[in-house]
Amino acid sequence: MNLSMIQIILVVLVAFLAGMEGILDEFHFHQPVIACTLVGLVTGQLLPCVILGGSLQMIALGWSNIGAAVAPDAALASIASAIILVLGGQGRAGVSSAIAIAIPLAVAGLLLTIITRTLATGIVHFMDGAAKEGSFRKIEFWQIVAICLQGLRIAIPAALILALGAGPVKSLLSSMPSWLTDGLSIGGGMVVAVGYAMVINMMASREVWPFFILGFVFAAISEITLIGLGAIGISIALIYLTLSKKGGNSNGDGGSSNTGDPVGDLIDKY
Amino acid sequence: MVDQIKLSKKDRISVWWRSTFLQGSWNYERMQNGGWAFTLIPALKKLYKTKEERSEALTRHLEFFNTHPYVASPIIGVTLALEEEKANGAPIDDVTIQGVKVGMMGPLAGVGDPVFWYTVKPIVGALAASLAISGSIIGPILYFVVWNAIRMSFMWYTQELGYKAGSKITEDLSGGILQDITKGASILGMFILAALIERWVTVDFSAVKISSIKQSSGAYIDWSKLPSGAAGIKEALVQQSSGLSLTEYKVTTLQDNLNQLIPGLAALLITFLCMWLLKKNVSPIVIILGLFVFGVVMHVLGVM
């Protein structure tokens with residue numbers, strides 16, 4: 001489908017916002033479920049974009065910037081794939097191929113992020129100069145410039161895809177054979193695991209593995225909703241923390257106080 | 001005695017708002033330093049009036065800084081308290097301030113990552129995503145509102161906490177509370193991750209038919225003997241609800257067999273494989289692309 005001038009401007013604005021958030025990580029406009037929805041909202045294709053956003057969000061759950069490491073770029077993946085979905089005009093049917101397109105885009109976005117973060121190194125040197133002059137205004141100016149660079153990181157590719165137009169995008173999508181799109185959506189069901197694996201690798205320790213097993217078994221009971229599982233998880237965590245503290249108190253004091261009375265142990269300590 | 005300069009609530013709100021842009025000039029040299037200086041500007045403006053003082057303060061705050069963007073807030077609070085004392089003549093040097101910043105950023109990042117990135121975000125994200133996949137606009141709205149309510153209140157509350165407690169906060173937090181929060185978040189995180197793997201990683205071997213057994217008559221609905229029209233539909237539904245099979249042949253797929261063993265086993269194995277590959281330093285992007293290729297190949301071969 002073709003977009004009006006106003007719609008194009010709004011899409012580029014949404015892309016700019018997502019690009020800023022890609023680094024700020026505060027309001028989360030770059031998260032797929034929000035970014036795709038916003039693109040859908042301004043182009044009038046809300047439903048397919050919401051579904052795309054939800055599917056991509058599942059894949060991106062474990063993607064986060066930790067320390068200096070840069071995660072696959074959710075911002076470019078969501079914005080560009082949502083625009084392609086809208087331009088393709090296939091509605092809900094186009095969602096699974098849009099997901100497949102999103103993954104290489106996340107890689108491309110990763111490279112753009114690294115470039116922008118390197119450019120920002122130059123900017124902080126300008127800030128050093130501003131600090132010597134004691135100029136607050138110049139620091140503020142350079143900070144805003146740096147944020148805008150991050151916005152442009154997504155806004156420019158988005159504008160390029162829009163300029164390319166619906167024609168090439170549509171023919172690209174329709175030239176994909178069904179064995180490929182079906183296979184890609186099967187792959188899409190599995191790639192979710194990568195994000196989870198990243199997080200587990202960070203968090204796992206001998207102590208917390210039993211809770212993993214519990215979670216897996218509880219989830220197999222399909223009657224329990226996600227909120228229910230969350231409540232069970234919170235309860236288990238609280239119970240464990242309370243109990244382990246009680247155990248720690250009586251063991252810690254050794255022979256002097258094996259009364260099993262936490263209040264008594266506390267009094268002995270002071 | 002000169003009047004003491006105090007930071008008003010308005011100043012602190014202004015700092016809190018600016019801390020939203022902490023990571024804006026994230027760079028490979030000193031990471032969040034530009035955003036950190038930018039965040040403190042409303043306070044520095046109030047506390048220091050001469051050009052020399054301002055220049056010193058800005059240079060001091062352009063040093064290396066990096067932590068989780070939300071748990072930077074208590075550090076900002078403590079720094080505000082220190083700067084306020086310094087401006088009022090207390091003997092606090094640059095090394096002390098930098099020391100407090102560096103001393104807090106490591107342990108606090110160790111709390112922020114598991115709590116926000118590994119626990120709150122996957123839970124809220126999965127909830128919103130499952131709503132959105134079914135086409136509900138509530139999904140994105142829920143994510144946006146819940147996430148930002150948690151984030152903004154956390155940042156304001158901990159910044160105030162840091163400001164009021166001053167440098168004491170480091171001692172407070174290094175005690176049991178910090179460890180409890182981290183451990184609690186890891187427990188909840190592991191529990192939820194396992195649940196998400198079971199629910200949302202789909203590895204389906206239904207395409208593989210293990211066996212196809214012809215059932216004895218009376219175990220399935222005999223479509224040729226049903227009355228025609230609506231009566232036939234009714235009869236069929238009645239028979240199905242009484243337990244009769246829809247087809248003459250009972251097909252068992254590989255997936256049915258796996259489900260009897262452990263539902264979600266294949267998803268679990270795929271996750272373990274990914275963890276192993278990541279530990280071998282295989283890039284996540286390579287694994288993702290590999291899984292897509294695997295999906296296509298298996299589909300073409302008729303396995304999935």
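The values are calculated or read from the model by the stated rules, or taken from the named source; none is laboratory data. It should be emphasised that the depicted structure is a prediction, and the values quoted were computed from it without experimental measurement. Methodologically, a virtual Cβ is constructed for each residue, glycine included, from the backbone with ideal geometry; neighbour enumeration extends over all protein chains shown.
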- Item | Residue identified as facing chain B (nearest Cβ under 7 Å), closer than 30 Å to B:Trp117 by Cβ and touching a strand residue (DSSP E or B) at 6+ places or on another chain (Cβ under 7 Å) among A:Val208, A:Val124 | A:Val124
- Residue pairs meeting the criteria (Cβ under 9 Å; at least 6 apart or on separate chains; first buried (at least 19 other Cβ atoms within 10 Å of the Cβ), in segment A:201-213; second aromatic (Phe, Trp, Tyr)): A:Met203/B:Tyr118; A:Val208/B:Phe191; A:Phe211/A:Tyr240; A:Phe211/B:Phe191; A:Phe212/B:Phe191
- Item | Flag if B:Asn66 is surrounded by fewer than 21 Cβ atoms within 10 Å (Cβ to Cβ), touching a strand residue (DSSP E or B) at 6+ places or on another chain (Cβ under 9 Å) and of a type outside the set (Lys, Arg) | yes
- In segment B:82-131, residues that are β-branched (Val, Ile, Thr) and within 14 Å of chain A (Cβ to nearest Cβ) total 6
- Item | Out of B:Ile97, B:Ile192, B:Ile133, sole residue that is in contact (Cβ under 8 Å) with a residue 24 or more places away in the chain and touching a Gly at 6+ places or on another chain (Cβ under 7 Å) | B:Ile192
- Would you pick out the residues in segment B:274-304 that are at the interface with another protein chain (Cβ under 7 Å from one of its Cβ atoms) and not in a helix (DSSP H, G or I)? B:Met304
- Item | Complete set of residues in segment B:32-65 that are under 26 Å from B:Val120 (Cα atoms) and facing chain A (nearest Cβ under 7 Å) | B:Gly35
- Message: So for segment A:175-195 (the condition being surrounded by fewer than 16 Cβ atoms within 10 Å (Cβ to Cβ), in contact (Cβ under 8 Å) with a residue 60 or more places away in the chain and more than 8 Å from every other protein chain (Cβ to nearest Cβ)), does at least one residue qualify?
- Response: yes
- Here are some conditions: (1) facing chain B (nearest Cβ under 7 Å); (2) closer than 30 Å to B:Val111 by Cβ; (3) β-branched (Val, Ile, Thr). A:Val50 meets all but one. Which one does it not meet? (2)
- Message: So the check is Cβ under 6 Å with 6+ separation or different chains; which pairs have a first residue in segment A:14-29 that's closer than 18 Å to A:Val145 by Cβ and a second one that's aromatic (Phe, Trp, Tyr)?
- Response: A:Leu17/A:Phe29; A:Glu21/A:Phe27; A:Glu21/A:Phe29; A:Ile23/B:Trp26
- Message: Condition (residue is within 14 Å of the chain's Cα centre (by Cα), crowded, with 24+ Cβ neighbours inside 10 Å and over 26 Å from A:Met202 (Cα atoms)) applied to segment A:60-81: is it met by at least one residue?
- Response: yes
- Going through (1) more than 30 Å from A:Val192 (Cα to Cα); (2) without any contact (Cβ under 8 Å) to a residue 12 or more places away in the chain; (3) surrounded by 14 or more Cβ atoms within 10 Å (Cβ to Cβ) one by one, B:Pro284 fails only at (1)
- Out of curiosity, is A:Ser64 touching a helix residue (DSSP H, G or I) at 6+ places or on another chain (Cβ under 9 Å) and either on the phi > 0 side of the Ramachandran plot or not in a helix (DSSP H, G or I) (or both)? yes
- Those residues of segment A:158-213 which are part of a loop (DSSP other than H, G, I, E, B), modelled with pLDDT under 80 and within 17 Å of B:Leu269 (Cα to Cα), in sequence order: none
- Message: Taking the conditions exactly as written (within 30 Å of A:Ala93 (Cα to Cα) and assigned to a helix (DSSP H, G or I)), does B:Ile123 satisfy them or not?
- Response: yes
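Yes/no per residue for (1) more than 23 Å from B:Thr20 (Cβ to Cβ); (2) among the hydrophobic types (A, V, I, L, M, F, W, C); (3) assigned by the TED database to the domain that holds B:Lys46:
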site	(1), (2), (3)
B:Ile75	no, yes, yes
B:Val95	yes, yes, yes
B:Gly99	yes, no, yes
B:Met105	no, yes, yes
B:Leu108	no, yes, yes
B:Val115	no, yes, yes
B:Tyr143	no, no, yes
B:Arg151	no, no, yes
B:Gly189	yes, no, yes
- Of the numbered conditions (1) facing chain A (nearest Cβ under 7 Å); (2) farther than 23 Å from A:Ser78 by Cα; (3) at pLDDT 95 or above, B:Asn148 satisfies every one except a single condition; which is it? (2)
- Message: Testing A:Val86 on (1) within 8 Å of another protein chain (Cβ to nearest Cβ); (2) in contact (Cβ under 8 Å) with a residue 60 or more places away in the chain; (3) in contact with a Ser or Thr (Cβ under 6 Å, 6 or more places away or on another chain), one condition comes back false. Which one is that?
- Response: (1)
- Query: Can you tell me which of A:Asp73, A:Asp128 is within 13 Å of A:Ile23 (Cβ to Cβ) and touching a Leu at 6+ places or on another chain (Cβ under 7 Å)?
  - Reply: A:Asp73
